[in-house]
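Here's the structure, in structure tokens; my notes come after.
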Amino acid sequence: MGKALSSDQEGELVTKGPGYCRIFENPEENKKSFLRGGFFRTGDRARIDRSGNLKITGRTKDIIIEEVKNISPALVEELLCSHPGIADAAVIGMPDKDLGKRCVLMSG
């Protein structure tokens, strides 16, 4: 696994918790998606400020390839957030046995 960073240093966001799947069907996806200890690689860049607040600063990849489509998460998020009923949105790519990747939406 990587190392913990000091406040205000940017790095790759990895998470762990009971809400995450523990394993993917494809063993190669497991190697790419999980670190030692069960930490999930979100694909996001982030930093924690001196007050302990997490700020997402970017992505490690800007394109999600779903089957034969190239999808820009930033463009989808922008479109979603233009709706008055959506305050914030995050689009991520999750491994999918049929599509390669599948876009997953989290909104608030």
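Readers should treat all values here as calculations from the given coordinates under stated rules, not as data from a laboratory. Source: prediction; values computed, not measured. Using ideal geometry, Cβ is built from the backbone for each residue, glycine included, and neighbour counts are taken over all protein chains shown.
Quick notes on this one:
- Residues Glu10 and Arg36, FRET efficiency given R0 of 22 Å [Cβ-Cβ distance, rounded to 0.05]: 0.50
- Rounded to whole Hz, the Karplus (6.51, -1.76, 1.60) HN-Hα couplings of the stretch 83-90, x for glycine and proline: 6, x, x, 10, 7, 7, 8, 9
- Average silhouette area of the stretch 62-108, convex hull of alpha-carbon atoms, in square nanometres: 3.1 nm²
- Rounded to two decimals, the Cα-based Rg/Rh of the chain, with Kirkwood Rh, is 0.98.
- Long-range HN-HN contacts of Glu66 with modeled amide H, under 5 Å: Ile71
- Stretching the chain fully between Ile65 and Lys97 yields a gain of 10.2 nm (0.36 nm per residue, less the alpha carbon separation).
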